[in-house]
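Below is one structure; the comments refer to it alone.
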Amino acid sequence: MQLGIFARTFPRSTVEETFEAVKSAGLDCVQLSMDCAGLPMMPDVIPPELPARARREANVAAQAEVVGAPADAERIADSDDTLTLLFLCCHPSLSGPSQLALTLRAVGGLTTLEIARAFFVPESTMAQRISRAKQRLRDASFAPPPPSEYAARLRVVLHVLYLIFNEGYTTSSGPSLQRSDLTGEAIRLARSVHRALPDDGEVTGLLALMLLTDSRRLARTTPDGALVPLADQDRSQWDGAAIDEGVALVSGALERAPLGPYQLQAAIAALHASAPSSEETDWRQIVALYDVLGRLAPNPMDAQPGGVAVAMVDGPAAGLEVLAQLDGDERLAEHHRLDAVRAHLLELAGSYAAARRSYLAAARRTTSIPEQRYLQDRAAALT
């Protein structure tokens, strides 16, 4: 969603005015589409439950109608106004969580509920956070950050793009496993940042991670939308060009830049992408990389796949010991992934009754329909 087009065509002094321009154009575009389709007139206010994707598509269509597609030179310019809006949403007057939330809402197109799930907070709390952030930025200028603030705000921008990509790669709710509009937007914005900062190791690492992860997109679901786990995917469907680009990017970053968490995650993704099969994956090297990642940037979400890697090297009991260390982490209390990974390792260990309970517990917690069905099917197979 290229909100910066509005700023280029209709120069405005504040972020609030930019938001209002986007909202107005989106409403007009949706109404026009409904008129042409012979549908009833739309109410004056778009219901808040309108899917984020519909809002994003309405905004993009409205921009194209008003100003036309941007020229190639505009799209690749380092001063890309969409990127400037990203930095503006990461204004230093906002708290870190508010920066992330507002950027996801204003530029990424995620719903308030989707953002709330990403931060493990109630939807009402997230709605208040976004509203307060917009009020605080009412008089902020639409301009790139000064050099003294660039580095700190860049880290927040990278985290936001990471979250946008993750929401697109595995949606937190709904009937579809993935949303290519979000992953594509995250990759587009990551490329914009990389063009501006090609020597930054973490910028390069994040872009590489996205490309390597997204390379598996076509193989992750069956024709009817069912989830296909990594070990069972048809690797001939993986995007070889994306893999080659991602491997080259992360290899170069690891050679020349200080080590960072995005580079490490990209290196792990590169090992998966380069392996002919799950059995032929270099699991020992993956365990070593997860170990370094855990010491450099501890995160319970990374520790879970790390536990799977340990299980592939030292057996499921060793992997389950890794997961046991996460049981008291409040950030995972309502998340389904820990139960899902534990179920998989319990199944590998032959503890089928316990695995079935964990699969069902994970299915109850996730709001993604493809994930629910996959977890329920795994549980049923162990009955």
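The figures follow:
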read-out	value
Subset of segment 243-282 (residues that are charged (D, E, K, R) and without any contact (Cβ under 8 Å) to a residue 40 or more places away in the chain)	ASP244, GLU245, GLU255, GLU279, GLU280, ASP282
Any hit, segment 311-330, residues being within 21 Å of the chain's Cα centre (by Cα), of a type in the set (Asp, Glu) and closer than 24 Å to VAL121 by Cα	no
Filter result for ARG195 (in contact with an Asp or Glu (Cβ under 8 Å, 6 or more places away or on another chain), farther than 21 Å from HIS91 by Cβ and either surrounded by fewer than 18 Cβ atoms within 10 Å (Cβ to Cβ) or hydroxyl-bearing (Ser, Thr, Tyr) (or both))	yes
Any hit, segment 114-127, residues being farther than 26 Å from GLN178 by Cα, part of a loop (DSSP other than H, G, I, E, B) and in contact with a helix residue (DSSP H, G or I) (Cβ under 8 Å, 6 or more places away or on another chain)	no
Given (1) under 17 Å from the mean Cα position of the chain (by Cα); (2) at pLDDT below 75, number of the condition LEU161 does not satisfy	(2)
Unique residue being buried (at least 24 other Cβ atoms within 10 Å of the Cβ) and either in contact with a Leu (Cβ under 8 Å, 6 or more places away or on another chain) or under 14 Å from ASN166 (Cβ atoms) (or both) when the list is LEU110, LEU83	LEU110
Among (1) closer than 27 Å to SER236 by Cα; (2) in contact with a helix residue (DSSP H, G or I) (Cβ under 8 Å, 6 or more places away or on another chain) - the single one GLU279 does not satisfy	(2)
Tally, over segment 293-308, of residues that are exposed (fewer than 14 other Cβ atoms within 10 Å of the Cβ), over 19 Å from HIS159 (Cβ atoms) and either among the aliphatic types (A, V, I, L, M) or in contact (Cβ under 8 Å) with a residue 24 or more places away in the chain (or both)	0
Filtered residues of segment 320-336 (kept if within 20 Å of ALA379 (Cα to Cα) and surrounded by 18 or more Cβ atoms within 10 Å (Cβ to Cβ))	LEU320, LEU323, HIS335, HIS336
Tally, over segment 225-239, of residues that are part of a loop (DSSP other than H, G, I, E, B), touching a residue at least 40 places away in the same chain (Cβ under 8 Å) and hydrophobic (A, V, I, L, M, F, W, C)	1
Subset of segment 340-361 (residues that are under 28 Å from the mean Cα position of the chain (by Cα) and within 20 Å of ASP314 (Cα to Cα))	ALA340, VAL341, ARG342, ALA343, HIS344, LEU345
Among the residues listed as ARG216, ARG220, ARG153, the single one being in contact (Cβ under 8 Å) with a residue 12 or more places away in the chain, surrounded by 17 or more Cβ atoms within 10 Å (Cβ to Cβ) and closer than 18 Å to VAL250 by Cα	ARG216
Matching residues, segment 240-261, being under 19 Å from the mean Cα position of the chain (by Cα) and surrounded by fewer than 24 Cβ atoms within 10 Å (Cβ to Cβ)	ALA242, ILE243, GLY260, PRO261
Of all residues in segment 88-107 being in contact (Cβ under 8 Å) with a residue 40 or more places away in the chain and not in a helix (DSSP H, G or I), the one that is surrounded by the most Cβ atoms within 10 Å (Cβ to Cβ)	CYS90
Members of segment 162-211 that are farther than 16 Å from SER251 by Cβ, in a helix (DSSP H, G or I), among the hydrophobic types (A, V, I, L, M, F, W, C) and in contact (Cβ under 8 Å) with a residue 60 or more places away in the chain	LEU163, ILE164, LEU182, ALA186, LEU189, VAL193, ALA196
Residue within segment 220-239 that is under 19 Å from ALA288 (Cβ atoms) and not polar (S, T, N, Q) present	no
Close pairs from segment 346-360: first modelled with pLDDT of 95 or more, partner of a type in the set (Asp, Glu) and crowded, with 17+ Cβ neighbours inside 10 Å, Cβ under 6 Å, at least 6 apart	ALA355/GLU347; SER358/ASP339
Test: residue in segment 51-61 that is closer than 26 Å to ARG132 by Cβ, surrounded by fewer than 14 Cβ atoms within 10 Å (Cβ to Cβ) and modelled with pLDDT under 85	yes
Residue that is at pLDDT 95 or above, surrounded by fewer than 15 Cβ atoms within 10 Å (Cβ to Cβ) and in a helix (DSSP H, G or I), where the choices are ALA317, ALA311, ALA273, ALA343	ALA317
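The values are calculated or read from the model by the stated rules, or taken from the named source; none is laboratory data. In this text the structure is predicted, and so the values were computed from the model without any measurement. Quick reminder, even Gly has a Cβ in these numbers, built from the backbone with ideal geometry, and neighbours come from all protein chains shown.
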